[in-house]
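The values are calculated or read from the model by the stated rules, or taken from the named source; none is laboratory data. Everything quoted here is computed from the prediction, not taken from an experiment. Backbone-built Cβ (ideal geometry, glycine too); neighbour counts: all protein chains shown. Accessible surface is based on the protein model in full, side chains and every heavy atom, while ligands, DNA and RNA are left aside. Shrake-Rupley method; radii C 1.70, N 1.55, O 1.52, S 1.80 Å.
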Amino acid sequence: ISTPMVLNLETDRGELPNYIDVGHIAPNIVVRMKQILAPVDSVIVDRGGDGTFQEAAIAIALKAAGDPLMRDKPIIFINTPMERGIDREGKQRLVRLFDPFIEFFGTLGSPHALEEGREVLESLGVHVVDNDLEGELAAALRI
């Protein structure tokens, strides 16, 4: 499912090559997201770019608003560790993929923003999986 805006951004003339089948073009991003979310039982967010963050934020907003589309569906972030350069001591610096996004939900400037953000997201039914992938994912999905 795509939108005219995305097609215009991703191609020169707003047309995909013949060998790519979009399947459906929604009029805008909100309609697109509702069409994507309607048939799913849960949302699992892994690596991606700006679009992935936008889609995750819309799913969270719908869940926070109590929208029937997302009310009973878990949202799960796979918070993968990633290499992010070298720290001051010359060691590889590892960060988790979604930590900056999670911190957004905490208090701005707080040294505990990450923990606060996790609490806020958990209260909304958003699970962050970052240690025991299999166990935490099974618990979040209640399987």
(message) What is the angle, in °, between the Cα long axis of helix 50-64 and the longest principal axis of the Cα atoms in the chain? Nearest 10 is fine, range 0 to 90.
(response) 80
(request) Pop out the carbon and sulfur fraction of the accessible area of the chain as a percent, whole number, probe 1.4 Å. (result) 53
(request) For region 53-110, state which GluC sites (Glu not before Pro) are in a DSSP loop and have at most 15 other beta carbons lying within 10 Å of their beta carbon. (result) 89
(request) Tell me what the chain gives for mean residue ellipticity at 222 nm when only DSSP H runs of n ≥ 4 count, each as -39,500 (n - 2.57), the sum divided by the residue total, rounded to 500 deg cm²/dmol. (result) -11000 deg cm²/dmol
(request) Report the equivalent ellipsoid semi-axes for region 12-143 in whole Å, largest first, defined as the square roots of five times the eigenvalues of the gyration tensor built from alpha carbon atoms. (result) 29, 21, 15
(request) Any chance you could run the full-extension gain for residue 46 through residue 25? It's 0.36 nm times the residue separation minus the Cα-Cα distance, nm to one decimal. (result) 5.2 nm
(message) For the chain, what does the accessible surface come to per residue with a 1.4 Å probe? Please give it in Å².
(response) 65
(request) Compute the distance in nm between two label points, each set 7 Å from the Cα along the Cα-to-Cβ direction, one at residue 143 and one at residue 36. (result) 2.1
